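Structure record follows, encoded as C-alpha cells.
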Amino acid sequence: MRNEALVNEILGRFQERFAGTEVVIWNPRRLYITVPKEEIVAAARFMFRDIGCRLSICTGTDTRDGFEILYHFSHDQSGVIFSLRTLVPKDNPRIASITPAVPAANWIEREMKELLGIEFEGHPNPVPLLTSDVDWEPGKFPLRRDYDAEADVKPKPWDKP
C-alpha cells in the first residue's frame, strides 16, 4: 500500500505541473503518461530532477500516426517505470532534445536520429553512432515503415555474378 500512495503522490505532482496529460496504468509497476511534444523537456526534467527517477531507456517507433517516442523513467524507490509518451509528426520529425536536461539520453537520441530520422533539436553532439558516413546513404532510415531493405542489399565480393 505504501508504494501505491507514493505512486499516487508522484502522479498528483506530475498532473498538477502538467495539466491535461493522459495517464494509462498498464499494471501497478508500469505507467504511461502522454505528454505533448512541446512539453517533453520540462516533463523529463521534472521526472529526473524533481522526482528523482533515472532514465532507463528511450524507444522510438514508426507508427501509422507518427513517430512515437517513449522515455522510460525508473523510480527505484517504488520499483515503478513511468513512461513519458509523445508523438512526433512524420511530415516534420523534429522534437527538442532532452539530453541537456537528462544527459543519459545522449546516445539513444542519436540512435533514433540515425534509425528513424527524428531530429533532436538542441542535442549537444548529434554525430552518427551506428551508421557510417562512408557506406550509409543520407536520408535512409532503416527503422521506418517505408524503408525498403531489399533495395538496399549490396552484392558481396564473394557473391556469384
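Just one of A149, A101, A96 is out of contact with any Gly (no Cβ under 7 Å at 6 or more places or on another chain), small (G, A, S) and closer than 22 Å to R64 by Cα; which is it?
A149
Need the failing condition index for Q77 against (1) under 28 Å from T21 (Cα atoms); (2) without any contact (Cβ under 8 Å) to a residue 40 or more places away in the chain, just the number.
Result: Q77 fails condition (2) only.
Which condition breaks for E22 when tested against (1) touching a Lys or Arg at 6+ places or on another chain (Cβ under 9 Å); (2) charged (D, E, K, R); (3) modelled with pLDDT of 95 or more?
For E22, the failing item is (3).
Just checking, which of F141, F73, F120 is of a type in the set (F, W, Y), in contact with a helix residue (DSSP H, G or I) (Cβ under 8 Å, 6 or more places away or on another chain) and over 19 Å from K37 (Cα atoms)?
On inspection, the qualifying residue turns out to be F141.
Tell me, yes or no, whether the stretch 75-94 has at least one residue that is within 21 Å of F141 (Cβ to Cβ) and part of a helix (DSSP H, G or I).
No, every residue in the stretch 75-94 fails to be within 21 Å of F141 (Cβ to Cβ) and part of a helix (DSSP H, G or I).
So, V41, is that one touching a Ser or Thr at 6+ places or on another chain (Cβ under 7 Å), surrounded by 12 or more Cβ atoms within 10 Å (Cβ to Cβ) and among the hydrophobic types (A, V, I, L, M, F, W, C) or not?
No, not satisfied.
Considering L55, L6, L70, L84, which residue is modelled with pLDDT under 95 and of a type in the set (A, V, I, L, M, F, W, C)?
L6
Restricting the first residue to the stretch 21-48 and requiring it to be more than 18 Å from G79 (Cα to Cα) and free of Cβ contacts under 8 Å to residues at least 40 places away in the same chain, which pairs with a second residue that is of a type in the set (G, A, S) and part of a helix (DSSP H, G or I) meet a Cβ separation below 9 Å and a spacing of at least six or different chains?
Pairs found: T21/A43.
Among (1) farther than 28 Å from I51 by Cβ; (2) surrounded by fewer than 17 Cβ atoms within 10 Å (Cβ to Cβ); (3) in contact with a strand residue (DSSP E or B) (Cβ under 9 Å, 6 or more places away or on another chain); (4) not charged (D, E, K, R), where does P128 come up short?
Here P128 meets the rest and fails (3).
Among P103, P93, which is modelled with pLDDT of 95 or more and either surrounded by 20 or more Cβ atoms within 10 Å (Cβ to Cβ) or more than 30 Å from V127 (Cβ to Cβ) (or both)?
P93
Given (1) of a type outside the set (F, W, Y); (2) under 17 Å from Q15 (Cα atoms); (3) surrounded by fewer than 16 Cβ atoms within 10 Å (Cβ to Cβ), where does I33 come up short, assuming only one miss?
(3)
To keep it simple, each residue is scored yes or no on (1) assigned to a strand (DSSP E or B); (2) hydroxyl-bearing (S, T, Y).
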| residue | (1), (2) |
| --- | --- |
| A44 | no, no |
| G52 | no, no |
| I57 | yes, no |
| F73 | yes, no |
| T99 | no, yes |
| E109 | no, no |
| E114 | no, no |
| H123 | no, no |
| P126 | no, no |
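The values are calculated or read from the model by the stated rules, or taken from the named source; none is laboratory data. Note that the structure is predicted; figures quoted are calculated from it, not measured. Backbone-built Cβ (ideal geometry, glycine too); neighbour counts: all protein chains shown.
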